[in-house]
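The values are calculated or read from the model by the stated rules, or taken from the named source; none is laboratory data. Values in this document were obtained by computation on a predicted structure and should not be read as measured data. So basically every Cβ, Gly included, is an ideal-geometry build from the backbone, and we count neighbours across all protein chains shown. For the accessible areas, the whole protein counts, side chains as well, though only heavy atoms, and no ligand, DNA or RNA atoms are used. Shrake-Rupley method; radii C 1.70, N 1.55, O 1.52, S 1.80 Å.
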Amino acid sequence: MSAKEVRASDVRPLPVLEETLNYLLSLLDSTEHPFEVIHDFVFDRTRSVRQDLIMQNIVNDKAINMFEKIVKFHVISHHKLRSSCSSSSISPLHYLNLEQLTKALTSLYNLYEANRSSKPIHEKEAEFRSFYVLLHLDSNGQPVGESLSLWFRHVPSPIIKSKEMWFARQALRYFQMGNYRRFLSTVAAEASYLQYCIIEPYIDEVRSLALCCIHNCCYKLHPYPLGHLSKVLMMEESDVELFCNAYGLQTCIDEVGNKLLPTKQTTFCRPKGGLQNYSFLGFQQLGRQIEL
């Protein structure tokens with residue numbers, strides 16, 4: 001049904017849409033069902049809310065607030081689906097969630113522009129604009145709209161200069177350079193909860209690069225302490241040992257009880273079946289809770 005064919009009885013008015021959205025998002029705290037089940041229920045209905053807002057051409061501050069909440073739902077789902085789904089089901093769910101996240105962001109950015117005369121920069125705009133940059137970390141992944149070089153031309157200067165966008169651009173730069181130390185430390189020090197939720201799928205990719213570099217260059221003559229590797233990879237030491245084992249590397253213990261990577265191991269190889277989800281110390285240090 002096109003916007004011209006819409007009748008008042010076909011769509012829900014704004015107050016009803018607000019109430020519906022708040023109810024749907026309140027379900028995310030439920031522990032009665034697995035997250036992927038709750039996500040599936042909320043996913044379809046938030047998409048319907050978006051459609052009703054667009055069909056009625058509602059472009060005020062309340063619409064912006066609702067779209068920001070919907071974007072948050074998809075961003076947090078980007079993180080939670082990784083830990084709640086089996087490896088066989090996570091891919092299609094992630095694909096669909098990422099697709100709708102991209103569409104919701106596009107609509108939100110259009111709303112920011114439509115309200116530019118009343119508010120030059122919206123309160124949360126810088127953080128929500130940064131998501132677009134972070135979604136481009138993997139240039140070989142699913143396309144998420146126009147290229148960054150073109151997209152940046154439409155972004156207001158105050159947003160470009162914001163700390164949220166500075167972080168996103170630094171993370172992108174370090175990721176593309178393969179600078180694992182700066183990438184992980186910057187994420188730990190600067191990322192917001194929502195920014196981390198988008199970045200998380202790339203954390204272990206960067207850790208893999210780090211372990212490969214360290215294995216090839218950093219402990220040819222002397223064993224490498226796991227305690228130090230834990231700080232580099234931003235992981236619990238117990239997880240570091242499991243991570244190394246997954247890559248075919250064995251550990252040992254010295255005379256005072258410190259765990260080490262022995263030298264001259266020739267069994268390093270990338271896991272074929274993927275990796276389990278490991279903790280990120282920086283994420284734990286954030287200690288931030290998001291209210292939808």
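General remarks:
Yes or no, residue by residue, for (1) in contact with a Gly (Cβ under 7 Å, 6 or more places away or on another chain); (2) of a type in the set (Gly, Ala, Ser); (3) modelled with pLDDT of 90 or more; (4) open to solvent by less than 30 Å² (accessible area, probe 1.4 Å):
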{"residue": "SER118", "(1), (2), (3), (4)": "no, yes, no, no"}
{"residue": "PHE152", "(1), (2), (3), (4)": "no, no, yes, no"}
{"residue": "GLN170", "(1), (2), (3), (4)": "no, no, yes, no"}
{"residue": "TYR196", "(1), (2), (3), (4)": "no, no, yes, yes"}
{"residue": "ASP204", "(1), (2), (3), (4)": "no, no, no, yes"}
{"residue": "LEU209", "(1), (2), (3), (4)": "yes, no, yes, no"}
{"residue": "ASN216", "(1), (2), (3), (4)": "no, no, no, no"}
{"residue": "TYR219", "(1), (2), (3), (4)": "no, no, no, yes"}
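- Of the residues GLU190, GLU123, the single one that is without any contact (Cβ under 8 Å) to a residue 40 or more places away in the chain, of a type in the set (Asp, Glu) and over 25 Å from GLU236 (Cα atoms) is GLU123.
- Residue count, region 18-48 (criterion: of a type in the set (Val, Ile, Thr) and either in a loop (DSSP other than H, G, I, E, B) or out of contact with any Phe, Trp or Tyr (no Cβ under 7 Å at 6 or more places or on another chain) (or both)): 4
- Residue count for region 192-230 satisfying the condition of being closer than 21 Å to GLN170 by Cβ and assigned to a loop (DSSP other than H, G, I, E, B): 1.
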